[in-house]
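Structure first, then comments.
The values are calculated or read from the model by the stated rules, or taken from the named source; none is laboratory data. Fair warning: this is a prediction, and the values are worked out from it, not measured in the lab. Cβ coordinates were reconstructed from backbone atoms using ideal geometry, including for glycine residues, and neighbour counts include every protein chain displayed. Ligands, DNA and RNA are stripped out before the accessible areas are found, and what is left, the full protein with its side chains, is counted by its heavy atoms. Shrake-Rupley method; radii C 1.70, N 1.55, O 1.52, S 1.80 Å.
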Amino acid sequence: MAVLADEDRRRVWAHAMRMWSTFGLGAIPVVKADLRAAVDATDTWIDNNQASYNQALTQPFRGSASAAQKTLLLCFVAMRRVGLSMLRTEEDG
Amino acid sequence: MGTIKQHFSAPMADFRAATAFPQYIRNDGTNFPVPVLAYDASSEEDAFFLFRAINYGSGNLTITINWYADTATSGGVSWGVSLACITPNTDTQDIETKAFATETIISDTHLGTTGQRDHDVVGTLSNLDSLAADDLVALKLARKPADAGDTMSGDANFVFFTIAWSDT
């Protein structure tokens, strides 16, 4: 997977600002330009660390899952680490 | 000589279906409700207010906008204010197609310490669209996310504004 297009990054940035309050994540500690730089850095970091993440995955998932499935798994785990408000499962009731 | 003031809160706003508009949010508050218009940080949104310029005499208008940040603790916010004025029985302009005069940009800076603290910013409106006494006035209030001064992340919550003018 390549890095996101500039417009995609811009939309992630805009979405993040709108959702920050919705998810009760407290104050955004930076101005718009700083948050946008963080979005860009996150996307770049994901791109630069794809191989490392892939290597960390266990078999047989690593060899069987698609790139999109692996990326979504990363998102699910990361969202759960934020809290239940971000990833509430059926088991949570 | 006197100063006439009128006050408009978020629930008094109106919106165009064809124009992006801020979300109306009624924050319940701990002890009293705080209804606001939540202006987006990345896309321009507009709200509109109609009023009569009761006994307007002359000179510029002064607008005082109260707002607070939804999630930010720093940065700047730029508000855009435009007027469209019609003199009843005199102007033949179609009210439904009336255009706004040049927009005035009013910028403010978050004072920090507490994210959701109330701020007010005072601006002078000199683009008056030939305002006359007792005119019907349409006022457009926008946040200007593309303005260089609008650096604050997250929504800017508009609470109310007061607009004032001289009666002489």
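For B:K140, which lysines qualify as cross-link partners when the Cα separation must be under 27 Å and same-chain residues fewer than eight apart are set aside?
Partners found: A:K32, B:K5, B:K98.
Running a GNM on chain A with Cα contacts under 10 Å, which residue among A:R81, A:R36, A:R11 ends up with the highest mean-square fluctuation?
Sorting by GNM fluctuation, first place goes to A:R81.
Can you figure out the FRET efficiency of B:A148 with A:A65, using R₀ = 51 Å and their beta-carbon distance, to the nearest 0.05?
My answer for the efficiency is 0.65.
Apply the Karplus parameterisation 6.51 cos²θ - 1.76 cosθ + 1.60, with θ equal to phi minus 60°, to every residue of segment A:50-63 and state each ³J(HN,Hα) to the nearest whole Hz, in sequence, with x for glycine and proline.
Per residue, the Karplus-derived 3J(HN,Hα) values read 4, 5, 4, 4, 4, 5, 6, 6, 8, 7, x, 4, 4, x Hz.
What are the ³J(HN,Hα) values, in whole Hz, obtained from phi via the Karplus relation 6.51 cos²θ - 1.76 cosθ + 1.60 with θ = phi - 60°, for each residue of segment A:5-14 in sequence order, with x given for Gly and Pro?
Along segment A:5-14, the couplings run 5, 4, 5, 5, 4, 4, 6, 4, 4, 5 Hz.
With a 1.4 Å probe, how much accessible area is buried between chains B and A, both sides summed, in Å² to the nearest hundred?
Rounded to the nearest hundred, the buried surface is 1100 Å².
Work out the length of the dipole vector of segment A:1-48 about its Cα centre, built from +1 on the beta-carbon of each Lys and Arg and -1 on the beta-carbon of each Asp and Glu, and round it to the nearest 20 debye.
Numbers: 6 positive and 7 negative charges, 53 e Å.
It works out to roughly 260 debye.
How compact is chain B by the rule of thumb for globular proteins, expressed as Cα Rg over 2.2 N^0.38 Å?
Rounded to two decimals, the normalised Rg is 1.05.
Convert each backbone phi in segment A:78-89 into a coupling constant with the Karplus relation 6.51 cos²θ - 1.76 cosθ + 1.60 (shift: θ = phi - 60°), then list the ³J(HN,Hα) values in order as whole Hz, x for Gly and Pro.
Listing the rounded values in order: 5, 5, 5, 5, 5, x, 5, 5, 8, 8, 8, 9 Hz.
Over the Cα atoms of the protein assembly as shown, compute the convex hull volume and normalise it per residue, giving Å³.
170 Å³
Where nothing but the Cβ of Lys and Arg (+1) and of Asp and Glu (-1) is charged, how large is the charge dipole of the protein assembly as shown around its Cα centre, in debye to the nearest 20?
With only Lys, Arg, Asp and Glu charged at Cβ, the dipole is about 820 debye.
Could you state the per residue volume, in Å³, of the convex hull enclosing the Cα atoms of chain A?
Expressed per residue, the convex hull around the Cα atoms of chain A is 123 Å³.
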